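Encoded as structure tokens, the structure appears first; notes follow it.
The values are calculated or read from the model by the stated rules, or taken from the named source; none is laboratory data. Please read all numbers here as calculations on a predicted model, not as lab measurements. In this analysis, Cβ positions are derived from the backbone assuming ideal geometry, glycine residues included, and neighbour counts consider all displayed protein chains. To get the accessible areas, we keep the full protein, side chains included, count just its heavy atoms, and leave off ligands, DNA and RNA. Shrake-Rupley method; radii C 1.70, N 1.55, O 1.52, S 1.80 Å.
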Amino acid sequence: MKYAFVEKHRRQYGVPALCEALQVSRSGYYAARFRGPSARQQRQVDLTARIRTIHQASRESYGAPRVHVELLAQAVPCCRNTVPS
């Protein structure tokens, strides 16, 4: 979260000043900047795409409980709370 703030405001204030103010290392910022998406982020993108597909296939009539049941039927492990209402 802090690295995203540094990225957003780096042109206005500069990376060294922002990193010092937020008490994060510059090396950590640069490492995070060039790092690819995490496994959690990749899973979330895939799950969101599946949820949208299921919802659209139901002609947008399925709510969260039915979408969750459909995900389980497709052997996609997820918690009920993961599916937005």
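Cβ separations smaller than 6 Å between residues 6+ apart or across chains give the following pairs from region 60-71 residues that are free of Cβ contacts under 8 Å to residues at least 60 places away in the same chain and within 15 Å of residue 47 (Cα to Cα) to residues that are of a type in the set (D, E, K, R) and surrounded by fewer than 18 Cβ atoms within 10 Å (Cβ to Cβ): 68/80.
Which one of the conditions (1) modelled with pLDDT of 90 or more; (2) touching a helix residue (DSSP H, G or I) at 6+ places or on another chain (Cβ under 8 Å); (3) loosely packed, with under 13 Cβ neighbours inside 10 Å does residue 84 fail to meet, given that it meets all the rest? Residue 84 satisfies all of (1) modelled with pLDDT of 90 or more; (2) touching a helix residue (DSSP H, G or I) at 6+ places or on another chain (Cβ under 8 Å); (3) loosely packed, with under 13 Cβ neighbours inside 10 Å except (1).
Looking at region 31-54, is at least one residue part of a loop (DSSP other than H, G, I, E, B), surrounded by fewer than 14 Cβ atoms within 10 Å (Cβ to Cβ) and of a type in the set (D, E, K, R)? Checked region 31-54: at least one residue is part of a loop (DSSP other than H, G, I, E, B), surrounded by fewer than 14 Cβ atoms within 10 Å (Cβ to Cβ) and of a type in the set (D, E, K, R). With the requirement that a residue be hydroxyl-bearing (Ser, Thr, Tyr) and open to solvent by less than 40 Å² (accessible area, probe 1.4 Å), what does region 7-30 give you? Scanning region 7-30 gives a single hit, 29. The number of residues in region 64-75 being β-branched (Val, Ile, Thr) and loosely packed, with under 15 Cβ neighbours inside 10 Å comes to 1. Residues in region 67-85 that are within 13 Å of residue 50 (Cα to Cα) and either among the aliphatic types (A, V, I, L, M) or in a helix (DSSP H, G or I) (or both): 67, 68, 69, 70, 71, 72, 73, 75, 76, 82, 83.
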